[in-house]
Amino acid sequence: MAKCAMGKMRRKGLAIMAAQTVATSVDLGPATGLSCRECGTRFELGPIFACVECFGPLEVAYDLPIGTGSAEDVEALRAAIEAGPDNIWRYAPLLPVPADVASKPSLNPGFTKLVDAQNLAKELGVTGKLYVKDDSGNPTHSFKDRVVAIAVEAARAFGFTTLSCSSTGNLAGAVGAAAARAGFRSCVFIPHDLEQGKVVMAGVYGGDLVGIEGNYDDVNRFCSELIGDPLGEGWGFVNVNLRPYYGEGSKTLAYEICEQLGWQLPDQIVIPIASGSQLTKIDKGLQELIKLGLVEDKPYKIFGAQAEGCSPVSTAFKAGHDVVRPQKPNTIAKSLAIGNPADGPYVLDIARRTGGYVEDVTDEQVVEAIKTLAQTEGIFAETAGGVTVGVTRKLIENGQLDPALTTVVLNTGDGLKTLEAVAADSGQTATIRPSLDAFRAAGLA
Ligand SMILES: *Cc1c(COP(=O)(O)O)cnc(C)c1O
């Protein structure tokens, strides 16, 4: 199943394992090691991401009080979380971070608003509860601050001095800002043709920002080569050699949603897909909460959302395939424009296992949905949020999403970073001289 087009990157992983020394005693809290998602082989904690046995992706393994907790233990954990800071560090006991993480320099992302979206519900024909989990409220205005915050702790533990990444835009800004705050050098890589808001936001924090002449998949391939080369020595690539840790940051979205719902699972969640990491880790987070006894076990459905112009996962889902055929992206939803998504096959598994669906919408529908969300709830989403809201509408129209249940739709980024998407027809209603006559003539009173 994992024999997706990741083979090349995984083979590269082997070279990296040989080149970098694996730390033997690092303190990443409850994390006890890494395990292969495919064959289960265990490794010590280190800056590695691919299994030497089968090239499968590595995941953080934990010593969590799963399945053994008495009712008192569950309540003690719940109370400890609720007494924690208003950011992702309230979940430190469930993350690969040291226990004193909250005292270290960090942007402290998370605990963003879960907006009760009654106006949007009416617009979409939802009769149950509809919430927007609005991650534009994070420090650099996208969900990426969550994953970067965890990767920074791993980078500290492994002694890296430079933070890097391959990015579709938001990650570059999140890494630049976190590096500035935490005292790392940063050098990040993006496709050269991103939105101005993303480029400026990635550059302003003072690290190096390199535009690569190619698409994200070219950028990612370049970074994999850089890691295996002496040029990249001492560099922590948050989404490549620190990927197992980075991914865990997305679990906090699952934790927050359930805690904000009063420690309950939602019935349905609509999640955007770029590499698919976020979607798979939200599912992992929900499963952990069930096993820990922090939420009552019940069925939930996970829905994936893509833009039609970069829809390798929805295409595979609809065709009934379990491998994902790479595409060449062409969409305004640039933050989701990964044509060869690393976690694509796992997304297919999760959507099918939970009874969800993976759908896509056109760029026109993305723009429409951005405006709908802004005009119903006062939330200005970037194109990725247009993708999830647009897909939610389509899923309801096609009967895949039940409008009578509790649904959470993710907005993962801020519309100020993708002004181009709506600028053409969201400007001034009228431009007039400063006189009452001119205003009367405009007919707006
Ligand atoms: C990166 C990103 C995602 C999802 O990324 P995955 O690679 O699927 O984890 C979603 N929305 C925005 C705005 C992003 O920047």
Add +1 for every Lys or Arg and -1 for every Asp or Glu among the other residues with Cβ under 10 Å from the Cβ of residue 244, and state the total.
0
Please identify, among 137, 344, 169, the residue showing maximal mean-square fluctuation in a Gaussian network model of the chain using a 10 angstrom Cα cutoff.
137
Alpha carbon centroid spacing (whole Å) that separates segment 52-103 from segment 386-424
30 Å
Under the Karplus relation with 6.51, -1.76 and 1.60 and θ = phi - 60°, whole-Hz ³J(HN,Hα) for segment 153-166, x at Gly and Pro, equal 5, 5, 4, 4, 4, 8, x, 6, 10, 10, 9, 9, 5, 9
Taking all protein chains together and a probe of 1.4 Å, list 144, 334 from the most accessible to the least accessible.
334, 144
Please quote Rg/Rh for segment 187-310 to two decimal places, taking the Kirkwood radius as Rh and restricting both calculations to Cα atoms.
1.06
Using the heavy atoms of the protein chains alone and a 1.4 angstrom probe, what is the accessible area of segment 261-413 per residue in square angstrom?
33 Å²
Taking max minus min of the Cα coordinates of segment 322-374 on each principal axis, largest first, gives extents in Å of 33, 27, 14
Counting alpha carbon pairs within less than 8 Å and at least 6 residues apart, what relative contact order, in whole percent, applies to the chain?
16 percent
Please report, largest first and rounded to whole Å, the three semi-axes of the ellipsoid equivalent to segment 316-445, where each semi-axis is the square root of five times an eigenvalue of the C-alpha gyration tensor.
38, 17, 11
Acute angle (nearest 10 degrees) that the helix 363-377 long axis makes with the longest principal axis of the chain, alpha-carbon atoms
80 degrees
Most mobile listed residue (304, 339, 399) in the chain, GNM with C-alpha springs under 10 Å:
399
Springs between alpha-carbon atoms under 10 Å, Gaussian network over the chain: tell me which of 71, 117, 92 tops the mean-square fluctuations.
71
For the chain, percent of DSSP beta bridges that are antiparallel (nearest 5) comes out at 30 percent
Please report Rg over Rh for segment 56-150, where both radii come from the alpha carbon positions and Rh follows the Kirkwood definition.
1.06
In degrees between 0 and 90, to the nearest 10, how far off the longest principal axis of the chain does helix 251-260 point, with axes built from Cα atoms?
60 degrees
Percent antiparallel among DSSP beta bridges confined to segment 227-377, rounded to 5, stands at 10 percent
How much mean residue ellipticity at 222 nm does the chain get from its helices, if each DSSP H run of length 4 or more adds -39500 (n - 2.57) and you divide by all residues, to the nearest 500 deg cm²/dmol?
-11500 deg cm²/dmol
The answer for the net charge of residues other than residue 347 whose Cβ lies under 12 angstrom from its Cβ, with Lys and Arg +1 and Asp and Glu -1, is -1
In whole angstrom, largest first, the equivalent ellipsoid semi-axes that the Cα gyration tensor gives for segment 50-109 are 26, 20, 8
Measuring from its Cα centre, segment 289-407 shows a charge dipole (+1 at each Lys and Arg Cβ, -1 at each Asp and Glu Cβ) which, in debye to the nearest 20, is 240 debye
Rounding to the nearest 10 and keeping the result within 0 to 90°, find how far the Cα-based axis of helix 7-19 lies from the longest principal axis of the chain.
50 degrees
Taking all protein chains in place and a 1.4 Å probe, what share, in percent, of the accessible surface of the chain do carbon and sulfur account for?
51 percent
For q = 0.06, 0.08, 0.14 Å⁻¹, what log10 I(q)/I(0) does the chain give under the Debye formula with an equal point scatterer on each alpha carbon and no solvent?
-0.24, -0.43, -1.35
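The values are calculated or read from the model by the stated rules, or taken from the named source; none is laboratory data. Predicted model only: the values in this text are computed from it and were never measured. Because the Cβ atoms are built from the backbone with ideal geometry, glycine has one as well, and the counts that use them run over all protein chains shown. Please note that ligands, DNA and RNA were not included when accessible areas were found on the heavy atoms of the full protein model with its side chains. Shrake-Rupley method; radii C 1.70, N 1.55, O 1.52, S 1.80 Å.
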